Structures are given as C-alpha cells and as structure tokens.
1. Please specify each residue of the stretch 241-271 satisfying the condition of being under 29 Å from L107 (Cβ atoms) and in a loop (DSSP other than H, G, I, E, B).
2. Taking the condition of being in contact with a strand residue (DSSP E or B) (Cβ under 6 Å, 6 or more places away or on another chain), among the charged types (D, E, K, R) and either part of a loop (DSSP other than H, G, I, E, B) or surrounded by fewer than 17 Cβ atoms within 10 Å (Cβ to Cβ) (or both), how many residues in the stretch 216-240 meet it?
3. Output the number of residues of the stretch 6-58 satisfying the condition of being in a loop (DSSP other than H, G, I, E, B) and either farther than 20 Å from R123 by Cα or not charged (D, E, K, R) (or both).
4. Of the conditions (1) at pLDDT below 95; (2) loosely packed, with under 15 Cβ neighbours inside 10 Å, A143 clears all except one; give me its number.
5. When S95 is evaluated against the numbered criteria (1) over 30 Å from S202 (Cβ atoms); (2) assigned to a strand (DSSP E or B), which criterion, by number, is the only one it fails?
6. Which ones in the stretch 168-193 are surrounded by 19 or more Cβ atoms within 10 Å (Cβ to Cβ) and of a type outside the set (G, A, S)?
7. Take the residues in the stretch 194-215 that are in contact (Cβ under 8 Å) with a residue 24 or more places away in the chain, surrounded by 14 or more Cβ atoms within 10 Å (Cβ to Cβ) and among the charged types (D, E, K, R); name whichever of them is nearest to D9 (Cα to Cα).
Amino acid sequence: MKDLKFNLDQDLVFFDIEATGLNVLRDRIIQIALIKYPKSGAPKKELVLLINPAMPIAPDAFAVHGISAEMVRNKPVFAQVADELFDFIGDADLSGYNLNRFDVPMLMEEFARVGKEFDISKRRIIDVQRIFYKMEPRTLSAAYKYYCNEKLEGAHDALIDVEATIDVLKGQIAMYQNRDHEDGDGNITKVPVRNDMDALASFTNDGNTVDVTQRLKYDHNREIIFNFGKYSGQKVVDVLSRDKQYYHWILEKDFSSQVKQIIKKLMKEHVQG
C-alpha cells in the first residue's frame, strides 16, 4: 500500500502542526512539517521548521508534543519563515489529520498576522481523520495500526505524524476502493474513498460549511447564513443590510480571518455595492 501513487491533477501538500495550545485564534505554531507531492510525478519534497512562538507553551501542549520553550528560543518567528512556507505550499491542495478543525485555521491565522491571505477557497482539502471517523472511528495511532498493520512509534512528532498520515491515506484508498458509504440516514455514497482528490475532498468536507471554524454555513438555497449568536439561521446579507453595527462588531471581535474576509466580501458585493 505504501507504493500506491496518488492520482493528482494538482500538487498535494500533507502537513501537521504542533502548537502552544489548542486555540486556533490565540495560540501559535511551534513546529510545522510538510510533505509535498508534485502533480508532475517528481519526487516528494519535505520541509520541517521549528518556530519561536513568542508566547508561553501550555503545559498540556508540552505534555503531548514535548517541545519546550528552550528548544524554540533561538528559532525564527513565524514572520521570518512565512515566505518560505507560502512558496512551498503554492497553490497545492491540502491534506492532513484533523486539519479542517486545527491545522488549516491555525495556519491561516498565522499568515493573516503577517499580512498574507492564505486562500483555501480554490483548494481541495482532504481530511484523513474524516475518512477514518466515517469508515472506522478511532485515533491516528489506531488508524496506523489498523490500516498499516504496524505500531506507530514517536507519535506527536510533526514529521512522524505527517508521514503516518500519508501511509494511512494510502491504506484507506486500498481498503475502501470498492466500498460504498451509508450514513445514519440511509443515504449511500458510491465508492467515496478512491484515488481521486475530488472524491476524497468531497467526502471529508461538510458541503454546508462556509468557513473552517463553522461560524457561517449554507442554507437549503445555498445562501450564506450565520451559524452562531442572536442572528443564527438568518441570511448574512440581510442582517448586514439592517444592522451595520453587527458588521463592525464581527470585525473587531475574536473571529477568524477567514470569517472576516467572507463578511467583508459580502458587505462589499451585496450591501455597499
């Protein structure tokens, strides 16, 4: 299964982040590992960076990844490696384990702080955890054991985790290439886990979610609505038209840069425009 070659029409970057904590808006990256598969079929490329977060590392986070403040004290801050990371990823599709909820939004916030807009709207995002949880609900170490029939040594080192994630995805493709998926409502998806990046991205992402923090979603008419607060369930453009203060409140509060980008765009195109 490790010899399986991905069927790519776009570069594909697997990545994993270790951070100061679990808050994607306030915590910072301290290690990132990336493996890039070029669509050309050229050999894969690796990039591993330790980053000085310029803030304390939570004890709970240290207990998981073992990266201490001393280990990153003399490392570059994110602003110093942002260009290298941005160029390495390029316009590639993205894959990883639980990256929808953690790695992608955290990376977007880090780029936003240094003035870079990391646009994911035209990228396919393949969350290996979502395939695993839908087909065989468990953890990365268990996934590795299940799909690769080996014990994962050194879990929570970013490079080891991202390499394991690659092997797990290959194992998933091999195991489920002829299997349909039936959800809790009896809806059947024909062979969703196959060597096709469109199919994998569609299967691992909620088509009704607009942003990675799930503050915005689509209604049945594909209109963007709020998924939080006093206007939950209401169309964003309608709310912004009658309550301009709410627009400014969102921009000032602790929402992700992606939510703010979407709100600004809707305001410009449908309210002010």
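1. Residues satisfying the conditions are K253, D254, F255, S256.
2. Final tally of qualifying residues: 2.
3. Applying the first criterion (in a loop (DSSP other than H, G, I, E, B)) to the stretch 6-58 yields 6-11, 20-28, 38-44, 51-58.
Next, from what is left, pick out any that are either farther than 20 Å from R123 by Cα or not charged (D, E, K, R) (or both): 6-8, 10, 20-28, 38, 40-43, 51-58.
Within the stretch 6-58, residues that are in a loop (DSSP other than H, G, I, E, B) and either farther than 20 Å from R123 by Cα or not charged (D, E, K, R) (or both) number 26.
4. Answer for A143: the failing condition is (2).
5. Just one mismatch for S95, condition (1).
6. V168, L169, K170, Q172, I173, Y176, P192, V193, listed by residue number.
7. If we take residues in the stretch 194-215 being in contact (Cβ under 8 Å) with a residue 24 or more places away in the chain, surrounded by 14 or more Cβ atoms within 10 Å (Cβ to Cβ) and among the charged types (D, E, K, R), then D196 is nearest to D9 (Cα to Cα).
The rows are residues; the columns are (1) crowded, with 17+ Cβ neighbours inside 10 Å; (2) not basic (K, R).
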position	(1), (2)
A54	no, yes
V64	no, yes
R73	no, no
Q80	no, yes
D93	yes, yes
L99	yes, yes
V104	yes, yes
M108	yes, yes
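The values are calculated or read from the model by the stated rules, or taken from the named source; none is laboratory data. Source: prediction; values computed, not measured. All Cβ positions, even for glycine, are placed from backbone atoms using ideal geometry, and neighbour counts span all protein chains on display.
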